[in-house]
Amino acid sequence: MTIRFVIMNAYAVGGTIRTTFTTAAELAKRHDVEIASVLRFRDKPSFPRPKGVNLIGLTDLRKQRLERLAGHWGPRARYQTWAAGKRTQLISSHDFRHPDFNLLSDINLLRYLLPLRDGVVIGTRPGINLAVAHVVSPSVVRVGQDHMNLGTYNAGLKKQIAAVYPRLDLVSTLTEGDAEAYRRHLKGQTRVECMPNGVPVPITRPQKRGC
């Protein structure tokens with residue numbers, strides 16, 4: 001089985017990135033696993049790349065890459081520079097990370113998702129989950145992870161979640177309380193399960209406390 005995680009920016013530092021890397025490394029012991037970073041701003045990820053996991057950057061926004069594009073006046077370079085400066089049309093404007101995406105990242109994300117016909121695709125934030133639900137073939141197992149909680153989202157995003165998340169095969173939450181909130185919000189139209197964040201195995205054993 002091929003399992004693909006789609007994350008906003010795997011090259012930064014954050015809890016979603018760390019737990020995605022940890023989960024991907026464990027799954028890679030039994031499956032083919034790939035992490036697709038919609039955006040790429042650095043040469044290397046801040047966390048060590050998970051062993052056995054393929055990491056790809058869909059939209060290269062590194063400074064040197066953009067400078068090369070700006071200095072090259074071919075049609076492709078002009079098009080990519082123009083698209084990188086336009087607002088996203090794919091990622092929900094109600095996702096607070098909406099300004100980080102752009103039209104070029106939309107195109108590259110669609111080129112990645114649309115051809116998929118099997119395996120599992122796991123989104124890792126609301127805007128990406130909505131995109132996965134909209135465009136990925138039903139022949140693919142589509143999973144939407146919530147690394148925050150439903151109660152923190154604005155009314156517009158909650159409305160979109162209620163309308164579109166039923167297309168997903170599974171929604172996962174970090175707590176049982178949030179799982180129940182999602183079940184009520186989605187009115188039982190899709191499966192919701194609590195899956196707490198995975199953590200790495202401790203390098204050292206905890207010390208015994210003295211009497």
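Checked against the criterion of being among the polar types (S, T, N, Q), within 17 Å of the chain's Cα centre (by Cα) and open to solvent by 30 Å² or more (accessible area, probe 1.4 Å), the candidates T23, T59 yield just one match: T23. With respect to the conditions (1) under 19 Å from L90 (Cβ atoms); (2) open to solvent by less than 60 Å² (accessible area, probe 1.4 Å), H134 falls short on a single one, namely (2). Note on the range 189-199: among residues that are open to solvent by 60 Å² or more (accessible area, probe 1.4 Å) and at pLDDT below 95, the one that is farthest from the chain's Cα centre (by Cα) is V199. The set of residues from the range 40-71 being of a type outside the set (A, V, I, L, M) and outside any loop (DSSP other than H, G, I, E, B) comprises R40, N54, G57, T59, D60, K63, Q64, R65, E67, R68.
How about the range 12-39: which of its residues are within 18 Å of G119 (Cβ to Cβ), part of a loop (DSSP other than H, G, I, E, B) and among the small types (G, A, S)? A28 - this is the single residue of the range 12-39 that is within 18 Å of G119 (Cβ to Cβ), part of a loop (DSSP other than H, G, I, E, B) and among the small types (G, A, S). Only a single criterion out of (1) modelled with pLDDT of 95 or more; (2) open to solvent by 70 Å² or more (accessible area, probe 1.4 Å); (3) outside any helix (DSSP H, G or I) is not satisfied by R183, namely (3).
Residue check: A155 meets all listed conditions (1) in contact (Cβ under 8 Å) with a residue 12 or more places away in the chain; (2) open to solvent by 40 Å² or more (accessible area, probe 1.4 Å) but one, namely (1).
Within the range 107-125, restricting attention to residues that are open to solvent by less than 10 Å² (accessible area, probe 1.4 Å) and part of a helix (DSSP H, G or I), the residue that is farthest from R183 (Cα to Cα) is L109. For the range 170-180, a residue qualifies if it is open to solvent by 10 Å² or more (accessible area, probe 1.4 Å) and either part of a helix (DSSP H, G or I) or farther than 14 Å from R142 by Cβ (or both), and the qualifying residues are L174, T175, E176, G177, D178, E180. Within the range 72-89, being part of a loop (DSSP other than H, G, I, E, B), open to solvent by 40 Å² or more (accessible area, probe 1.4 Å) and at pLDDT 95 or above holds for K86, Q89. For the range 91-106, give me the residue count where each residue is outside any helix (DSSP H, G or I), farther than 15 Å from L157 by Cβ and open to solvent by 20 Å² or more (accessible area, probe 1.4 Å). So the count comes out to 0. Applying the condition of being over 17 Å from P138 (Cα atoms) and of a type in the set (A, V, I, L, M) to the range 148-169 and asking which residue is farthest from the chain's Cα centre (by Cα) yields A155. If we scan the range 78-97, do we find a residue that is among the basic types (K, R) and under 18 Å from G144 (Cβ atoms)? Yes, some residue in the range 78-97 is among the basic types (K, R) and under 18 Å from G144 (Cβ atoms).
Regarding P166, is this residue out of contact with any His (no Cβ under 6 Å at 6 or more places or on another chain) and at pLDDT 95 or above? Criteria met by P166.
The values are calculated or read from the model by the stated rules, or taken from the named source; none is laboratory data. No experiment lies behind these values; they were computed from the predicted model shown. Every residue, glycine among them, receives a Cβ derived from its backbone with ideal geometry; neighbour counts consider all protein chains shown. Please note that ligands, DNA and RNA were not included when accessible areas were found on the heavy atoms of the full protein model with its side chains. Shrake-Rupley method; radii C 1.70, N 1.55, O 1.52, S 1.80 Å.
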